[in-house]
Amino acid sequence: MLFLAACGGGTTPTSVAPTAAVATLTPAPTASPTPAPDALSQTKAYLAAWQAGRYAEMHGELAAESQSAWPAADFEAQYRSLLETMSVTAFTAEATGVTEAGETAQVTAHVRYETALVGVVEADLSVPLKREGGLWRVVFSPALIWPELVDGRQLLMVPLTTERGRILDRNGVPLAEQTDAYAVGLVPGELPAEGDAVPNALGRLLGLAPSLIPPLYANAVPDQYLPITEVDAAEFDRRYSFLQQISGVYLTAYNDRYYYGAGAAAHVTGYTTFIQPDELASYRAQGYTGSERVGRAGLEAWAESYLAGRAGGQLQLRDASNTFVRMIAATEPTPAQDVLATIDFDLQRAAQFALGDFPGAIVVLNRDTGEVLALASTPTFSPNLFSPYNRNAGAINQVLSDSRRPLVNHAAQSSYPAGSIFKVVTMAAGLTSGLFQPDTSYTCTGEWNETGDPTFTRQDWKEGGHGELTLTEGLSASCNPWFWHVGYALFQWDPRWLSDTARAFGLGQLTQTQLDESPGQIPDPDWKQRTRGETWSAIDSLNLSIGQGDVLVTPLQMARLAAAVGNGGTLYQPQFVREIRPADGGAPSYTFQPVISSTLPLSTTQLAAIQTGMLNVLQEPVGTARNRFRGFRICVAGKTGTAEDPGLFGEQDPDAWFMGYTCAGRTDKPDIAVAVVVQNRGQGSDYAAPIFRRVLEAYFGLAYVRYPWESAVGVPAPEETPTPEPGVEPATSAP
């Protein structure tokens, strides 16, 4: 514009100063106050906080008068107490409508309670509110939990419980049930000074030789009560009433869940204890009242839901004087069921007796079904000591403090080095690899040094070796060099083959039985790299080939392995439950069926070779257990094992093993498989094999042949070292 003006007007242009920008003033935004929640919204927020358990937040929403009348702790306690009384496990509360009248309001709400004892109960609530400082506040009373809680009325839940179910053996013989019993104990200083009355009486009661009784109380405090055992009242009246006549022997009657056999089946039945405070909420949510005792081990724990049944209840409304007003809701209890175990109680007691005081375990399986007929673990304990009504209950402290861990089921929960019983697996691995045949020959000189390293020489257990043996004969003789030879060949061919074969035989994994168990351990190259950061070596395979090194197995696993070899190659799942049925004898809710876990990776010819090797362990001169089974007329196949197990201090004797199966083919007695381990005792042929034989004698109803360490059956000889039986040549020490 200036340019045009200059050209057109002829005047001198004037300079124009730049014009500053003028800011436009925008009014500052005005904050809009958030409207206070209306009565309905306030109630919804209160109910939402209730469902979330935010009691402090709820208390902050109360009217001043309610906060004064109900301090925060009392307010929360009121809610929690009533919900607990009703056995509420979950609930919903929903506001449905509102009526306002000036400074007050009433909100209607519907509450639905899910309870453990009486099912679902529902009610409509009326929630009063008042306006304070422009805000709606809740006026609290117990009627906001249940509408009839006015004028001092209260709720009462009457639990309707059911008696715990029984545990029976396979023939219906009780193992655990509610009954009358006696706690038996004595005060040593009050016993007769002379005579055999006490040893004879207590020996008869405990099933011990009289000579073993005085040591039980020889060092006891003379004037203090010493627990001895428990006996059920019926058995006492029938066989032991004479104990009442002996001074110093005390009998205290009680009624509770009673376990038969003085601990003979403790690791099968397990035991019960009271619900602990930190478990209370969880158990109440499952329908327990909180005062029950629940299963802690064995079948008591596994079958808890069957044995406990389910409590019912009566939810009552009572007035201020505790007078019944009306029944709000009621349900009947669900009766408990009985559990029939697969255990044969007579065989179970015989197995426990066979172990004596040796720490160890025995497992007896039906070879062709997987049913557990007996499971013994020592040391054992009396589940009756967990009864609060048993005068002898104080003795449980000795059980809990025992370093030998009596509560542990050593047959299934403890893992042991396998030793030479593992050679069955090594033979199988050699055969399935194709590197060996049953008649492959090897000359055992007593030494092994195939690596070429003179520092890597191994010695056989038999000085001078066994001479020339086939692989099948090597199993019977338990020749270490033969199996190092196999292990080294497998290491060179495939370092994982032997470990994989062991797993195919059910080792290194759970058997999936009903009781708690250990998976054991089968090492392999991956395991060693993962756990130790080291490469698998030849020595690892050599150790593995004879069941040493890092190999760990359970007696339950080895009994199952023996059964599979004997039954044609089927690995069955071991089972402890034969039937679960109502106490009134109604239709069972569970009936045993064999469960096949897998089959052994063997051809018929390969399996037959292993069976022959195990048969010859007991039948041929080269067999490591032949001398222990002289005169035994039942067909038996087995394998000895002596496993290095140095213990905590590195100086313990080996673990003694024997596993095997019968092949009698009798219609009246199904064939069985048995595994025996005696911890830190010595040679398998010296200790485990005689115990194995004793179990078979009990099962087939044969006369007991005394152990080498007994002076009579059930009476230990004074000396520690086994001595040969008269007319029987000494057994050669063997793995």
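The values are calculated or read from the model by the stated rules, or taken from the named source; none is laboratory data. Bear in mind the structure is a predicted one, so any value in this text is a computation, not a measurement. We place every Cβ from the backbone using ideal geometry, glycine too, and count neighbours over all the protein chains shown.
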Quiz item: Of all residues in the range 129-144, how many are in a strand (DSSP E or B) and surrounded by fewer than 19 Cβ atoms within 10 Å (Cβ to Cβ)?
Solution: 4
Exercise. Scan 602, 607, 571, 542 and give me the residue that is under 28 Å from residue 685 (Cα atoms), in a strand (DSSP E or B) and out of contact with any Asp or Glu (no Cβ under 9 Å at 6 or more places or on another chain).
Key: 571
Quiz item: Just for the range 55-112: of the residues that are within 28 Å of residue 318 (Cα to Cα) and of a type in the set (Asp, Glu), which one is surrounded by the fewest Cβ atoms within 10 Å (Cβ to Cβ)?
Solution: 74
Exercise. Could you tell me whether the range 553-565 includes any residue that is in the same structural domain as residue 423 (by TED's automatic domain parsing), in a loop (DSSP other than H, G, I, E, B) and not hydroxyl-bearing (Ser, Thr, Tyr)?
Key: no
Quiz item: Which one of 511, 501 is crowded, with 20+ Cβ neighbours inside 10 Å and in a helix (DSSP H, G or I)?
Solution: 501
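Which one of 689, 731, 717, 698 is of a type outside the set (Lys, Arg), modelled with pLDDT of 95 or more and in contact with a Ser or Thr (Cβ under 7 Å, 6 or more places away or on another chain)?
After ruling out the rest, the residue left standing is 689.
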Self-check item: Members of the range 245-256 that are touching a Phe, Trp or Tyr at 6+ places or on another chain (Cβ under 9 Å) and either assigned to a helix (DSSP H, G or I) or charged (D, E, K, R) (or both)
Solution: 256
Self-check item: 3 or more residues farther than 28 Å from residue 567 by Cα and over 22 Å from the mean Cα position of the chain (by Cα): qualifying strands (runs of 3 or more DSSP E) within the range 286-404
Solution: 312-318, 324-331
Practice problem: Inspect the range 624-639 for any residue being of a type in the set (Val, Ile, Thr), buried (at least 16 other Cβ atoms within 10 Å of the Cβ), modelled with pLDDT under 95 and out of contact with any Cys (no Cβ under 9 Å at 6 or more places or on another chain) and give the result as yes or no. | Solution: yes
Quiz item: When you go through 154, 106 one by one, which is the residue that is within 15 Å of residue 39 (Cα to Cα) and at pLDDT 95 or above?
Solution: 106
Self-check item: Pick from the range 258-285, criterion part of a loop (DSSP other than H, G, I, E, B) and under 28 Å from residue 173 (Cα atoms), ranking: modelled with the lowest pLDDT
Solution: 262
Quiz item: Do any residues in the range 671-687 that are under 20 Å from residue 635 (Cβ atoms) and touching a residue at least 40 places away in the same chain (Cβ under 8 Å) have Cβ atoms under 6 Å from those of residues that are in a strand (DSSP E or B) and aromatic (Phe, Trp, Tyr), where the two are at least six apart or on different chains, and which pairs are they?
Solution: 673/661; 676/658
Exercise. Working only within the range 678-703, note down all residues that are of a type in the set (Ser, Thr, Tyr) and either buried (at least 24 other Cβ atoms within 10 Å of the Cβ) or in a loop (DSSP other than H, G, I, E, B) (or both).
Key: 685, 687
Quiz item: Which residues, taken from the range 217-240, are surrounded by 14 or more Cβ atoms within 10 Å (Cβ to Cβ) and touching a helix residue (DSSP H, G or I) at 6+ places or on another chain (Cβ under 9 Å)?
Solution: 217, 220, 225, 226, 227, 228, 229, 230, 231, 236, 240
Quiz item: Residues of the range 105-122 being free of Cβ contacts under 8 Å to residues at least 24 places away in the same chain and of a type in the set (Ser, Thr, Tyr), which ones?
Solution: 108
Quiz item: Exactly one of (1) in contact with an Asp or Glu (Cβ under 8 Å, 6 or more places away or on another chain); (2) modelled with pLDDT of 95 or more is unmet by residue 530. Its number?
Solution: (1)
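Checking the condition closer than 30 Å to residue 341 by Cα and of a type outside the set (S, T, N, Q), which residue from 119, 133, 189, 172 passes? Talk me through it step by step, then tell me what you get.
Details: 119 fails: closer than 30 Å to residue 341 by Cα; 133 fails: closer than 30 Å to residue 341 by Cα; 189 fails: closer than 30 Å to residue 341 by Cα.
Unique residue meeting the criteria: 172.
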Quiz item: Out of the range 145-177, which residues are surrounded by fewer than 20 Cβ atoms within 10 Å (Cβ to Cβ), in contact with a strand residue (DSSP E or B) (Cβ under 8 Å, 6 or more places away or on another chain) and of a type in the set (Asp, Glu)?
Solution: 148, 163, 177
Quiz item: Of the residues 192, 159, which is at pLDDT below 95 and within 28 Å of residue 383 (Cβ to Cβ)?
Solution: 159
Quiz item: Which one of these is at pLDDT below 95 and β-branched (Val, Ile, Thr): 522, 539, 546?
Solution: 539
Quiz item: Do we have residue 192 as in contact (Cβ under 8 Å) with a residue 40 or more places away in the chain, surrounded by fewer than 17 Cβ atoms within 10 Å (Cβ to Cβ) and not hydroxyl-bearing (Ser, Thr, Tyr) here?
Solution: yes
Quiz item: Could you say whether any residue in the range 299-308 is more than 20 Å from residue 343 (Cα to Cα), buried (at least 22 other Cβ atoms within 10 Å of the Cβ) and touching a strand residue (DSSP E or B) at 6+ places or on another chain (Cβ under 8 Å)?
Solution: yes
Exercise. State all residues of the range 515-545 that are in contact (Cβ under 8 Å) with a residue 60 or more places away in the chain, among the hydrophobic types (A, V, I, L, M, F, W, C) and touching a strand residue (DSSP E or B) at 6+ places or on another chain (Cβ under 9 Å); if no residue qualifies, say none.
Key: 515, 542
Quiz item: Has the range 491-499 got any residue that is touching a strand residue (DSSP E or B) at 6+ places or on another chain (Cβ under 6 Å) and in the same structural domain as residue 447 (by TED's automatic domain parsing)?
Solution: no
Quiz item: For residue 669, all conditions in the list (1) modelled with pLDDT of 95 or more; (2) within 28 Å of the chain's Cα centre (by Cα); (3) assigned to a loop (DSSP other than H, G, I, E, B) hold save one; what is the number of the exception?
Solution: (2)
Quiz item: Going through the range 198-236 one residue at a time, which ones are of a type in the set (D, E, K, R) and in a loop (DSSP other than H, G, I, E, B)?
Solution: 223
